[in-house]
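> Below is the structure I would like to discuss, written out as structure tokens.
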Amino acid sequence: GESVGLHLPTLSVQEGDNSIINCAYSNSASDYFIWYKQESGKGPQFIIDIRSNMDKRQGQRVTVLLNKTVKHLSLQIAATQPGDSAVYFCAEIPQAGTALIFGKGTTLSVSS
Amino acid sequence: DTAVSQTPKYLVTQMGNDKSIKCEQNLGHDTMYWYKQDSKKFLKIMFSYNNKELIINETVPNRFSPKSPDKAHLNLHINSLELGDSAVYFCASSQAASRRAQYFGPGTRLLVL
């Protein structure tokens, strides 16, 4: 089976709230952990990544946290907007591989 | 300008037919990929090409044959289509050194009847 997975398949939040999307992984040897966003009818889009030797990385309104002790990855979205509604995938790059290994995805629904 | 384009967007066909999906990227990337997304949204790598050479071939039936005529194109040919091939197929591209940031096409929705 896949080595990257998600805790919850769906998450519903109100506009303006902060969202936290979680992911558990099992392959400790991966170099990078990545978050992708897939809007309805479109292909996945890179959001942010974090190298395995870091525990936090911030982008614009997004923060990725990596806890290697419990093999947990999370994506925090600040001030969630309706345009953030999408399916979010965590993914990893195995050290020796070249392709992304995706988790199952969390559907984020933002209501106004 | 479209970065990664795929044709067709929709493909409805009968079991047993042979079909092709085309992919082109204008980003100057050296690595291209094919992914399959099933009805539960699970995304799985099928093939990866670097500079026209196959570098990843996951456990995919040999009815699926990728072809890369040049670095900007990676086409997918499927023989003897089966019901279970129904899915969304995504082409993606990246630089080999930045494979974690892949650019995906809009997808081809294949329905086998």
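> Once label points are set 7 Å from the Cα along Cα→Cβ at both A:Ala29 and B:Arg109, what is their separation, rounded to one decimal in nm?
Label at A:Ala29, label at B:Arg109, 4.0 nm between them.
> Could you compute how much accessible area chains B and A hide from each other, both sides summed, with a 1.4 Å probe? Nearest 100 Å² is fine. Walk me through the numbers on the way to the answer.
Details: alone 6510 and 6130 Å², together 10980 Å².
About 1700 Å² of accessible surface is lost on pairing.
> Calculate the spin-label point distance for B:Lys52 paired with A:Ser111, positioning each point 7 Å from the Cα along the beta-carbon direction, and give it in nanometres.
5.5 nm
> How many Å³ per residue does the convex hull of the Cα positions in the protein assembly as shown occupy?
On the way: hull volume 28.2 nm³, N = 225.
With only Cα atoms used, the protein assembly as shown gives 125 Å³ per residue.
> Have a look at B:Leu76, B:Pro66, B:Ile55 and report the one farthest towards the positive end of the charge dipole of region B:49-100, computed about the Cα centre with Cβ charges (Lys/Arg +1, Asp/Glu -1).
Selected residue: B:Ile55.
> Label points 7 Å out from Cα along the Cβ direction at B:His73 and B:Met15: separation in nm?
3.3 nm
> Then there's this: Can you tell me which of A:Ala79, A:Ala24, A:Ala99 moves the most in a GNM of chain A? Springs connect C-alpha atoms under 10 Å apart.
In the Gaussian network model the winner is A:Ala99.
> At 1.4 Å probe radius, can you tell me the per residue accessible area of the protein assembly as shown in Å²? Write out the running numbers ahead of the final one.
Details: 10980 Å² over 225 residues.
It amounts to 49 Å² per residue over the protein assembly as shown.
> Between A:Gln81 and A:Thr69, what length comes free when the chain is fully extended (0.36 nm per residue of separation minus the Cα-Cα distance, one decimal in nm)?
On the way: separation 12, 0.36 × 12 = 4.32 nm, distance 3.17 nm.
Here the answer is 1.2 nm.
> Taking all protein chains as present, what is the carbon and sulfur share of the accessible area of the protein assembly as shown, in % to the nearest whole number, probe 1.4 Å? List each step's numbers first, then the result.
On the way: 5250 of 10980 Å².
Carbon plus sulfur share of accessible area: 48 percent.
> Just counting partner chain Cβ atoms within 10 Å, what average do the residues of peptide A:31-38 show around their Cβ?
Details: counts 2, 3, 1, 4, 0, 5, 0, 6.
Mean partner shielding for this stretch: 3.
> For region B:24-85, which trypsin sites (Lys or Arg not before Pro) are in a loop by DSSP, counting at most 13 other Cβ atoms within 10 Å?
Values: sites: B:Lys36, B:Lys40, B:Lys41, B:Lys44, B:Lys52, B:Arg63, B:Lys67, B:Lys71; in loops: B:Lys40, B:Lys41, B:Lys52, B:Arg63, B:Lys71.
Sites meeting the loop and neighbour criteria: B:Lys40, B:Arg63.
> Calculate, for A:Ser52 and B:Lys22, the FRET efficiency according to 1/(1 + (r/R0)^6) with r their C-beta to C-beta distance and R0 45 Å; round to the nearest 0.05. If you can, show how the numbers build up before the last one.
On the way: r = 36 Å, r/R0 = 0.80.
FRET efficiency, A:Ser52 to B:Lys22: 0.80.
> At a Förster radius of 35 Å, what calculated FRET efficiency corresponds to the Cβ-Cβ distance of B:Val60 and A:Ser12, to the nearest 0.05? Don't skip to the answer; put the middle values down first.
On the way: r = 36 Å, r/R0 = 1.02.
After rounding to 0.05, the efficiency reads 0.45.
> With +1 on each Lys and Arg Cβ and -1 on each Asp and Glu Cβ, and nothing else charged, work out how big the dipole of the protein assembly as shown is about its Cα centre, in Debye to the nearest 20. Each step should come with its number before you reach the end.
Details: 23 positive and 19 negative charges, 21 e Å.
Here the size comes out at about 100 debye.
> What is the mean number of Cβ atoms from other protein chains located within 10 Å of the Cβ atom of each residue in peptide B:38-46, rounded to a whole number? Present the calculation step by step, with values, prior to reporting the outcome.
Details: counts 0, 0, 3, 9, 6, 14, 5, 6, 1.
Average neighbour count from other chains, rounded to a whole number: 5.
> Taking every residue in A:99-107, how many Cβ atoms of other protein chains lie within 10 Å of its Cβ, on average? Don't skip to the answer; put the middle values down first.
Numbers: counts 16, 12, 3, 7, 2, 4, 5, 1, 1.
The mean count of partner-chain Cβ atoms within 10 Å per residue comes to 6.
> So for chain A, averaging the separation of alpha carbon pairs under 8 Å that are six or more residues apart and normalising by length, what relative contact order in percent results?
Working: 286 pairs, mean separation 42.7, N = 112.
Relative CO of chain A lands at 38 percent.
> Now, a different point. Going down the list A:Lys68/B:Lys36; B:Lys22/B:Lys52; A:Lys37/B:Lys52, which pairs span over 25 Å between their C-alpha atoms? Let's see the in-between values first.
Values: A:Lys68/B:Lys36 29 Å; B:Lys22/B:Lys52 15 Å; A:Lys37/B:Lys52 28 Å.
Distance filter (> 25 Å) returns A:Lys68/B:Lys36; A:Lys37/B:Lys52.
The values are calculated or read from the model by the stated rules, or taken from the named source; none is laboratory data. Since we're looking at a predicted model, the values are computed, not measured. Every residue, glycine as well, gets a Cβ built from its backbone with ideal geometry; the counts of neighbours run over all protein chains shown. Note: accessible area is taken over every heavy atom of the protein model, side chains too, but ligands, DNA and RNA are not part of it. Shrake-Rupley method; radii C 1.70, N 1.55, O 1.52, S 1.80 Å.
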